[in-house]
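In what follows, a single structure is set out as structure tokens and then discussed.
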Amino acid sequence: TSMSAWNRAKVDEFRAVFMEFLSYVVIDSKELGRIILGDHIYRAQQMFLDTVFDALADDIHDIYILKSRQLGLSTISRALAAFWNGMHDGLRGSVVFDTGANADEARSEIASIISQLPKSFKFPRVVADNRRRLQLDNLSQMLFFSAGRSNARSGGGLGRSVGINFSHASEISSWVNEEGLASYKR
């Protein structure tokens, strides 16, 4: 039998460190202004985290979340993406949205989350930040892509030749180009 890369003990340890990370994450809340995310976890966010961590404990890594709007899931998932990249040295992750504007906003929020962490937390720092890439000093990178909302011929090249080993994809229902989605999943 093959040994699972993730198991309940590893997930529990990873989750505990992630929850500590959230106790340092500063965000701008529409309702409360500037807050510590870990002090204000919504029920929907907790359900999201339970789903993700339960899947990882079962060594499931392809996770889809269907949600309505304004549940805070974009914020918590971006925090998780930032944490994931910070905890895995040399990881090449991607963040894909339907439009360039949404990808830019995600990049800005993730960069802000990381830059506002206190140095005492000893989380990898941002060493390169441009429209398409955020690199940490642990050599992990997050690449930012737009899947597009049209069936353009160039859509089949989404993520091609960049060696992605972690992906956060959002607004997938707006990705019109089926060839692009199939190429990206490969």
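Taking all Cα pairs closer than 8 Å and separated by 6 or more residues, the relative contact order of the chain comes to 20 percent.
Reported to two decimal places, what Rg/Rh ratio describes the chain when computed on Cα atoms with Rh from the Kirkwood expression?
Using only Cα positions, Rg/Rh for the chain is 0.95.
Backbone geometry of the stretch 169-175 corresponds, through the Karplus equation with coefficients 6.51, -1.76 and 1.60 at θ = phi - 60°, to 3J(HN,Hα) couplings of 10, 10, 6, 4, 5, 8, 7 Hz, x marking Gly and Pro.
FRET efficiency for the Tyr42 to Val17 pair, using the beta carbon distance and R₀ = 22 Å, is estimated at 0.55.
Principal semi-axes of the equivalent ellipsoid, √(5λ) from the alpha carbon gyration tensor of the stretch 75-127, are 20, 13, 9 Å from largest down.
For Val26 and Leu66, the FRET efficiency from 1/(1 + (r/R0)^6), where r spans their Cβ atoms and R0 equals 30 Å, is about 0.55. Each residue of the stretch 22-34 is assigned a 3J(HN,Hα), and the resulting list reads 4, 6, 10, 7, 9, 10, 9, 8, 4, 7, 10, x, 6 Hz, derived from the Karplus form 6.51 cos²θ - 1.76 cosθ + 1.60 (θ = phi - 60°), x at Gly and Pro. Divide the volume of the convex hull around the Cα atoms of the stretch 1-75 by the residue count and you get 89 Å³ per residue. Per residue, the accessible area of the chain comes to 56 Å², computed with a 1.4 Å probe over protein heavy atoms only.
Placing a pseudo-label 7 Å from each Cα along the Cα-to-Cβ vector at Ser173 and Arg34 gives an inter-label distance of 3.5 nm. Only DSSP H runs of four or more residues enter the estimate; each adds -39500 (n - 2.57), and after division by the residues of the chain the mean residue ellipticity at 222 nm equals -12000 deg cm²/dmol.
Heavy-atom accessible surface of Tyr42, to the nearest 10 Å², is about 100 Å², with a 1.4 Å probe and all protein chains retained. Per the Debye formula on identical point scatterers at the alpha carbon atoms of the stretch 22-111, with no solvent, log10 I(q)/I(0) at q = 0.11, 0.12, 0.15, 0.16 Å⁻¹ is -0.33, -0.40, -0.64, -0.73.
With a cut-off of 13 Å, note down the residues of the stretch 50-75 whose backbone N falls inside the zone around a label point 7 Å from the Cα of Phe121 toward its beta carbon. From the stretch 50-75, the list is empty.
The values are calculated or read from the model by the stated rules, or taken from the named source; none is laboratory data. Because the structure is a prediction, the values reported are computed rather than measured. For neighbour counting, all protein chains shown are included, and Cβ atoms are generated from backbone atoms with ideal geometry for every residue, glycine included. Areas reflect the complete protein model, heavy atoms only, side chains present, ligands, DNA and RNA absent. Shrake-Rupley method; radii C 1.70, N 1.55, O 1.52, S 1.80 Å.
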